[in-house]
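Contents: one structure, followed by commentary.
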Amino acid sequence: MDTVKLDDTVPLATRALYGLDVALTHVECRRWDQAADTLEAVRGMAPGWVQHQMLPGVTISRLAGVSVGRLRGLAHAAGVPLGVR
């Protein structure tokens, strides 16, 4: 996943969904900062689209090892509530 690059010929929704899958994979591998960076990149490329997806919320809920401030920012940008467990 670190070597796959999707160019502009691939539809935006496909690139964004792939990015969300990559972010979730980073979470599963406990690469917290990479997951947060990837979520931010997806939000930057498709901000309106991200707010209508479930996967950002799932990914954010599983993030650990990231500052609460950064989590709040990600949750706000993705339009998902930040619940504390």
Next item on the list: Pairs only if they're at least six apart or on different chains, beta carbon under 6 angstrom, first in the stretch 1-28 and within 14 Å of residue 57 (Cα to Cα), second of a type in the set (D, E, K, R); list them, first residue then second.
Entry: 27/62
Next item on the list: Restricting attention to the stretch 33-84, report how many residues are under 25 Å from residue 8 (Cα atoms) and in contact with a Pro (Cβ under 9 Å, 6 or more places away or on another chain).
Entry: 7
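Just so you know, all these numbers are worked out from the coordinates, no wet-lab data involved. Please read all numbers here as calculations on a predicted model, not as lab measurements. Heads up, the Cβs are rebuilt from the backbone with ideal geometry, glycines too, and the neighbour counts pull from every protein chain shown.
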